[in-house]
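Just so it is clear, none of the values below were taken in a lab; they were calculated from the coordinates. These figures come from a predicted structure and were not determined experimentally. Methodologically, a virtual Cβ is constructed for each residue, glycine included, from the backbone with ideal geometry; neighbour enumeration extends over all protein chains shown.
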Amino acid sequence: MSIGPIERVSLSNVATDHLRQAIYAGTFRPGERIVVDQIAKMLRTSGGPVRDAISRLEHEGLIVRERNQGAVVVALSLQDIHEIGSLRLAIEMTGLTWTVEKVSETDLAALEQILAQLSIQIETQGGRAANQMVLPHQDENPLPLVAGILARKTRNQELVQGTLTEMVKLDLEFHERLIRLSGHRRLFGAWEALRSQLWFLICSYKMFRRSGYQAPSHADHLELVGRLRERDLDGAQRCLRDHLNASTADFVTAYNARLHG
């Protein structure tokens, strides 16, 4: 009998995860500088892992290099929104064509389990008063990965943000599972390359707006599973296309509102 070796945790990986989550959470806003020494102090590490993290997140499209500023959080343009949306549509529509003929009842049950968890989060969000001001409590932070960085947020804002973070996570988990079920490895590779930017886009234009998660979007997920169960490719494609196009249109609306707000 033998056991495997203890896995050594890479500080660069940990720093990357923490910084990525902080960007998703809005702790570092679009256009804001990422200062190595500041982040290293926050994460209680040296500058090396932070520099590695910045390079990795630059590769993922979350950080860009600006002249005379260094590394800054990317500020997505209207063109970026359309590019991300059109590429996502192409990936998911192709995956759906591969998935519909091979999806099993077990696969559908797994998708429905994700949606059941999402329903709970939607109900939780609906029960919270986002505009009520409550004094912050350090032990109730919903984002433990960046707990030390989020002190400036109120307790109530943190609770709502934590719920919305979980909803975004479950939403993308549902779509990612659909692509995985296709068995198309290269297609999934394309999805992985896009995932961080998609996370950032959703967080930027859904997580921090007052209306929060949209119930019609969740209804689309439920309908899509039903179409898959019936092996209705045309109906599933129509449902997914409308769902993703509406999502992109929603981002465009939010972008324009910010631009003129």
Run V64 past the list (1) within 30 Å of H221 (Cα to Cα); (2) assigned to a strand (DSSP E or B); (3) not charged (D, E, K, R) and report the number of the one that doesn't hold. (1)
Quick one: would you say E83 is free of Cβ contacts under 8 Å to residues at least 60 places away in the same chain, surrounded by 15 or more Cβ atoms within 10 Å (Cβ to Cβ), of a type in the set (D, E, K, R) and assigned to a helix (DSSP H, G or I)? no
Residue list for the stretch 213-237, restricted to those being among the basic types (K, R) and surrounded by fewer than 14 Cβ atoms within 10 Å (Cβ to Cβ): R231
Just to be sure, is R56 in contact (Cβ under 8 Å) with a residue 12 or more places away in the chain and more than 21 Å from V252 (Cβ to Cβ)? yes
Residues of the stretch 93-124 that turn out to be farther than 15 Å from R180 by Cβ and either in contact with a strand residue (DSSP E or B) (Cβ under 9 Å, 6 or more places away or on another chain) or of a type in the set (S, T, Y) (or both), as a count: 2
